[in-house]
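This is the structure I have questions about; it appears just below.
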Amino acid sequence: MSQRRVQIVILCEDRQQEIFARSFLKKRGFTGLFRANICPKGSQAGEEYVRTHYPGEVKAYRQHKNRVSIGLVVLIDADTGTLEARLNQLASVLAQDAQEKRQSKEAIAIFVPKRNIETWIHYLQGETVNEEDAYAKFEKNEAACKTNVENLADRCYSQILPEDAPPSLQAACGELQRLLPLLQP
């Protein structure tokens with residue numbers, strides 16, 4: 001039996017987040033077309049880019065979801081704020097665009113690393129981390145996270161993420177559940 005081909009749109013702040021998401025999703029069985037909408041380097045703050053493009057991507061998802069198998073994956077750093085505050089910001093920009101808030105059955109997954117995606121990657125590499133400190137970026141070596149991210153995908157799917165995992169990473173594993181129905185025939 002072949003897997004269902006799914007189109008995934010990844011809206012994110014930078015290349016590191018895109019590689020993280022793509023590696024994670026491929027490991028979970030998403031084999032279709034990936035389209036990344038990444039903040040152009042140096043154009044504006046990454047989180048601002050994601051917030052301003054989120055309503056348009058949600059609108060496009062909603063226009064196509066009944067015709068094609070499609071999912072929207074959003075990555076936006078919490079920075080020094082909270083996961084909840086960032087989710088509320090995204091809900092607010094939908095409301096400002098006269099759109100309904102994200103519904104539980106929609107294949108729109110929002111991953112909000114606190115402080116940033118590097119926090120998660122350093123954790124996955126076996127380091128002790130907290131969600132307050134900024135961790136080193138992997139510039140020009142963004143793909144170095146791939147193996148650790150694939151291991152994370154297996155752990156999220158099996159729901160055996162260690163208790164010491166950053167809370168924002170635990171929340172991201174829960175978001176995966178929004179996308180898994182896309183893989184069912």
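Within segment 168-182, track down each residue that is over 12 Å from the mean Cα position of the chain (by Cα) and in contact (Cβ under 8 Å) with a residue 40 or more places away in the chain.
LEU180, PRO181, LEU182 - these are the residues of segment 168-182 that are over 12 Å from the mean Cα position of the chain (by Cα) and in contact (Cβ under 8 Å) with a residue 40 or more places away in the chain.
Residues checked against (1) in contact with a Phe, Trp or Tyr (Cβ under 7 Å, 6 or more places away or on another chain); (2) under 24 Å from GLY32 (Cα atoms); (3) open to solvent by 30 Å² or more (accessible area, probe 1.4 Å):
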{"position": "SER104", "(1), (2), (3)": "no, yes, yes"}
{"position": "PHE111", "(1), (2), (3)": "no, yes, no"}
{"position": "ARG115", "(1), (2), (3)": "no, no, yes"}
{"position": "HIS122", "(1), (2), (3)": "yes, no, no"}
{"position": "ALA153", "(1), (2), (3)": "yes, yes, no"}
{"position": "GLN159", "(1), (2), (3)": "no, no, yes"}
{"position": "PRO166", "(1), (2), (3)": "yes, no, no"}
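Residues that are out of contact with any Gly (no Cβ under 7 Å at 6 or more places or on another chain), charged (D, E, K, R) and over 26 Å from ALA134 (Cβ atoms): list the strands (runs of 3 or more DSSP E) wholly contained in segment 2-121 that include at least 1 such residues.
34-38
Now for a different question. Within segment 163-181, which residues are part of a loop (DSSP other than H, G, I, E, B) and in contact with a strand residue (DSSP E or B) (Cβ under 8 Å, 6 or more places away or on another chain)?
ARG178, LEU179
Something else now. Mind checking which residues of segment 145-162 are in a helix (DSSP H, G or I) and touching a residue at least 12 places away in the same chain (Cβ under 8 Å)?
CYS145, LYS146, ASN148, VAL149, GLU150, ASN151, LEU152, ALA153, ASP154, ARG155, CYS156, TYR157
Something else: What pairs come up if the first residue lies in segment 1-22 and is within 11 Å of CYS145 (Cα to Cα), the second is at pLDDT below 95 and among the acidic types (Asp, Glu), and their beta carbons are under 6 Å apart, counting only those six or more places apart or on different chains?
GLN16/GLU142; ILE19/GLU142
Determine the pairs where a residue that is hydroxyl-bearing (Ser, Thr, Tyr), located within segment 27-51, has a partner that is modelled with pLDDT under 95 and open to solvent by less than 40 Å² (accessible area, probe 1.4 Å) with Cβ atoms under 8 Å apart, the partner being 6 or more residues away or on another chain.
Within 8 Å, the pairs are THR31/VAL6.
Still on this structure: Residues of segment 128-144 being in a loop (DSSP other than H, G, I, E, B), surrounded by 13 or more Cβ atoms within 10 Å (Cβ to Cβ) and of a type in the set (Asp, Glu), which ones? Give the steps one after another, and end with the answer.
First, the residues of segment 128-144 that are in a loop (DSSP other than H, G, I, E, B): 128-141.
With the extra rule that they be surrounded by 13 or more Cβ atoms within 10 Å (Cβ to Cβ), the set shrinks to 129, 131, 135, 137-138.
Once the filter is applied, which keeps residues that are in a loop (DSSP other than H, G, I, E, B), surrounded by 13 or more Cβ atoms within 10 Å (Cβ to Cβ) and of a type in the set (Asp, Glu), segment 128-144 yields only GLU131.
Buried (at least 19 other Cβ atoms within 10 Å of the Cβ) and of a type outside the set (Gly, Ala, Ser), is that true of GLN16?
When the stated conditions are applied, GLN16 passes them.
Residue check, ALA36 against (1) modelled with pLDDT under 95; (2) surrounded by fewer than 18 Cβ atoms within 10 Å (Cβ to Cβ); (3) within 22 Å of ILE121 (Cβ to Cβ), all met but one. Which one?
(1)
Also, quick follow-up: Among the residues of segment 168-185 satisfying the criterion of being out of contact with any Phe, Trp or Tyr (no Cβ under 9 Å at 6 or more places or on another chain) and over 20 Å from ARG115 (Cα atoms), which is modelled with the highest pLDDT?
Among them, the one singled out is ARG178.
Which condition from (1) farther than 24 Å from LEU124 by Cβ; (2) open to solvent by 70 Å² or more (accessible area, probe 1.4 Å) is the one that LYS27 breaks?
(1) is the only condition that LYS27 fails.
The values are calculated or read from the model by the stated rules, or taken from the named source; none is laboratory data. Please read these numbers as outputs of a predicted model, since none were measured by experiment. Every residue, glycine among them, receives a Cβ derived from its backbone with ideal geometry; neighbour counts consider all protein chains shown. Accessible surface areas use protein heavy atoms only, side chains included; no ligands, DNA or RNA. Shrake-Rupley method; radii C 1.70, N 1.55, O 1.52, S 1.80 Å.
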